[in-house]
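K.L.:
Once you've had a glance at the structure underneath, I'll fire off some questions.
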Amino acid sequence: MKTKVLKPEEHYIEDEPFYQPIGEEIRIFETAYKQQLPVLLKGPTGCGKTRFMEHMAWRLKRPLITVSCHDDLTASDLVGRFLITSGETIWVDGPLASAVRHGAICYLDEIVEARKDTTVVIHPLADDRRMLPMEKVGELLEATPEFCLAISYNPGYQSVMKDLKQSTRQRFIALEFDYPGAELETEIIIKETGIDADTARLLVKFAHMTRDLKGNGLDEGASTRLLVHAAKLMHDDIDPVVACQTAIAQAITDDHDMLIAMNELSSSLF
């Protein structure tokens, strides 16, 4: 039996990803990494959790392996499986096993989207054992000191069926993320897109209007990510109202009346 292994050099982030800290999250994550503590990131969609992880991987000079969790994600998808290639049986490490074996940072994005029986596999890694049982090959894989486990979820979408179990969450230290304040969010948009300050401020004002509608017609307001998308369109001379409609309104709702309302909001601003 042969084993196919990860090439860690493919997962390093060479250039610094721009991230504007809001509080002590960088220092806390660095301390958690040093103390070998797993980290839970909580916050709404598009508020910077993934960018934060990319920034920390660059800062700590470790490979970053990201897994976008979904309903069909199995334990084998994370740990690994046997494959038969050219008549040979090959064991292929999954992303979690690869990260454990090579001292990478493994980031499980939107962990609550994964099946409950899948999330259980991370429990031995997220406590003092720092072990990954690999039953199919009869191996108990011990994490290297450089390995770090991080997960994220959006509390705004949690329900009885999509909540994070206490047996899982109490293994992690938690960092709470939210949309930055208006001034900081404006700076982020300018930095990311090169758009002028006045337009960036109007975009942030529009975002706050949509966020005020959460629970009153919208499941979520405009994220910082969507503001960056709209600003990039505007930077290349797309009409601001059209940019808001295509990059923001259409992205967060299909409701006809709500689309009309947001179009009126953007028209009043731009």
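K.L.:
Against the conditions (1) surrounded by fewer than 17 Cβ atoms within 10 Å (Cβ to Cβ); (2) assigned to a helix (DSSP H, G or I), where does Ala207 fall short? Just the number, please.
P.N.:
Only one criterion is unmet by Ala207, namely (1).
K.L.:
Right, here's the next one. Is one or more of the residues making up segment 150-157 surrounded by fewer than 12 Cβ atoms within 10 Å (Cβ to Cβ), modelled with pLDDT under 95 and assigned by TED's automatic domain parsing to the domain that holds His55?
P.N.:
No: zero hits.
K.L.:
Give the residue, chosen from Asp178, Asp254, Asp237, that is part of a loop (DSSP other than H, G, I, E, B), within 30 Å of Val120 (Cα to Cα) and of a type outside the set (S, T, N, Q).
P.N.:
After ruling out the rest, the residue left standing is Asp178.
K.L.:
Of these, Leu226, Leu233, which one is within 20 Å of Gln20 (Cα to Cα), at pLDDT 95 or above, of a type outside the set (Asp, Glu) and surrounded by 17 or more Cβ atoms within 10 Å (Cβ to Cβ)?
P.N.:
Leu226
K.L.:
Please return the ranges of strands (runs of 3 or more DSSP E) entirely within segment 29-124 where 1 or more residues are in the same structural domain as Gly156 (by TED's automatic domain parsing), at pLDDT 95 or above and of a type in the set (S, T, N, Q).
P.N.:
64-68
K.L.:
For residues in segment 1-28 being in a helix (DSSP H, G or I) and within 17 Å of the chain's Cα centre (by Cα), which is modelled with the lowest pLDDT?
P.N.:
His11
K.L.:
Any idea which of (1) within 25 Å of Leu60 (Cβ to Cβ); (2) out of contact with any Phe, Trp or Tyr (no Cβ under 7 Å at 6 or more places or on another chain) is the one Leu140 doesn't satisfy?
P.N.:
The number of the failed condition is (1).
The values are calculated or read from the model by the stated rules, or taken from the named source; none is laboratory data. Predicted model, so just to flag it, every value in this text is computed and none were measured. Methodologically, a virtual Cβ is constructed for each residue, glycine included, from the backbone with ideal geometry; neighbour enumeration extends over all protein chains shown.
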